[in-house]
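The values are calculated or read from the model by the stated rules, or taken from the named source; none is laboratory data. Note that this is a predicted model, so its numbers are computed, not measured. FYI the Cβ positions are ideal-geometry reconstructions off the backbone, even for glycines, and counts take in every protein chain you see. Heads up: the accessible areas ignore ligands, DNA and RNA and are worked out on the full protein's heavy atoms, side chains in. Shrake-Rupley method; radii C 1.70, N 1.55, O 1.52, S 1.80 Å.
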Amino acid sequence: ANSVNNFWGEQFPKETGQQYVIAQTVNFSGQVSTACGGATSDVGPFYCPNDQRVYLDTTFFQDMLKGQLGGKDSAFTRAYVIAHEYGHHIENQLGIMGKVRTQQGANSDAVKLELMADCLAGAWTKHATEPDANGQVLIEELTDQDISDAIQAAQTVGDDRIQQKTSGRVNPDAWTHGSAQMRENAFRHGMKNGTIESCNLF
């Protein structure tokens with residue numbers, strides 16, 4: 001979370017001319033009260049625009065990824081999930097969250113919002129694998145396996161996978177997050193280009 005905040009603290013003003021507002025990360029388990037209302041562990045990690053905080057359910061990785069959804073829990077998977085939620089913080093600061101009109105469907109604003117957050121997570125990842133001003137690298141050896149584990153985590157919460165698992169059929173008209181492939185493409189696009197502008201689907 002510190003790395004993500006530091007990255008956007010530099011990148012956001014550089015690209016937008018506006019100051020970046022640091023988002024706090026709040027860990028919780030069971031349930032939590034937020035400016036967006038109450039939430040339980042069933043929700044998983046989320047961002048609340050009303051208090052500009054990222055809420056991380058500490059049981060999500062163990063229970064949801066490994067147990068119920070079958071994703072792989074790793075250090076980079078956790079980093080990716082955090083970076084995705086901070087992507088929503090960037091969208092909020094840009095005023096994009098207020099532009100979301102359509103809530104369901106493969107081409108809906110809601111799906112675009114999620115794909116943009118995946119892309120912004122990729123942009124941070126690009127930064128995290130490169131030396132900083134002191135020559136330090138946060139993620140020294142990011143392998144294709146690390147990326148595929150994180151993407152798999154996103155894929156387990158891809159709309160198509162969830163629908164397939166719960167109902168046995170896929171209905172793009174009901175999507176709110178996008179398919180597994182759409183999410184992977186968005187992440188890789190962000191990792192290649194590394195900017196807000198390249199990720200902005202609005």
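Quick rundown of the values:
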read-out: Segment 107-141 - residue that is touching a residue at least 40 places away in the same chain (Cβ under 8 Å) and open to solvent by 40 Å² or more (accessible area, probe 1.4 Å) and, of those, farthest from H84 (Cα to Cα); value: L138
read-out: Condition broken by T40, with the remaining ones in (1) open to solvent by 40 Å² or more (accessible area, probe 1.4 Å); (2) modelled with pLDDT of 85 or more satisfied; value: (2)
read-out: Residue within segment 11-22 that is open to solvent by 30 Å² or more (accessible area, probe 1.4 Å), assigned to a helix (DSSP H, G or I), free of Cβ contacts under 8 Å to residues at least 40 places away in the same chain and under 26 Å from G190 (Cα atoms) present; value: yes
read-out: Given (1) at pLDDT below 90; (2) closer than 24 Å to D144 by Cα; (3) in contact with a helix residue (DSSP H, G or I) (Cβ under 8 Å, 6 or more places away or on another chain), number of the condition G67 does not satisfy; value: (3)
read-out: Any pair with Cβ under 7 angstrom, 6 or more apart, that starts in segment 43-57 at a residue that is on the phi > 0 side of the Ramachandran plot and ends at one that is open to solvent by 10 Å² or more (accessible area, probe 1.4 Å) and modelled with pLDDT of 85 or more; value: Q52/V21; Q52/N92
read-out: Any chance D51 is within 18 Å of the chain's Cα centre (by Cα), part of a loop (DSSP other than H, G, I, E, B) and surrounded by 13 or more Cβ atoms within 10 Å (Cβ to Cβ); value: yes
read-out: Candidate set from segment 170-191 (those that are among the small types (G, A, S) and not in a loop (DSSP other than H, G, I, E, B)); member that is modelled with the highest pLDDT; value: G190
read-out: Top-ranked residue in segment 70-85 [being assigned to a helix (DSSP H, G or I) and modelled with pLDDT under 85; ranked as nearest to L56 (Cα to Cα)]; value: R78
read-out: Subset of segment 84-99 (residues that are exposed (fewer than 15 other Cβ atoms within 10 Å of the Cβ) and in contact with a helix residue (DSSP H, G or I) (Cβ under 9 Å, 6 or more places away or on another chain)); value: G98, K99
read-out: Condition check for Q93: at pLDDT 90 or above and on the phi > 0 side of the Ramachandran plot; value: no
read-out: Check on A23, at pLDDT 90 or above, under 30 Å from Q136 (Cα atoms), in contact with a Gly (Cβ under 6 Å, 6 or more places away or on another chain) and of a type in the set (A, V, I, L, M, F, W, C); value: no
read-out: Single condition N5 does not satisfy, out of (1) farther than 25 Å from G194 by Cβ; (2) open to solvent by less than 70 Å² (accessible area, probe 1.4 Å); value: (1)
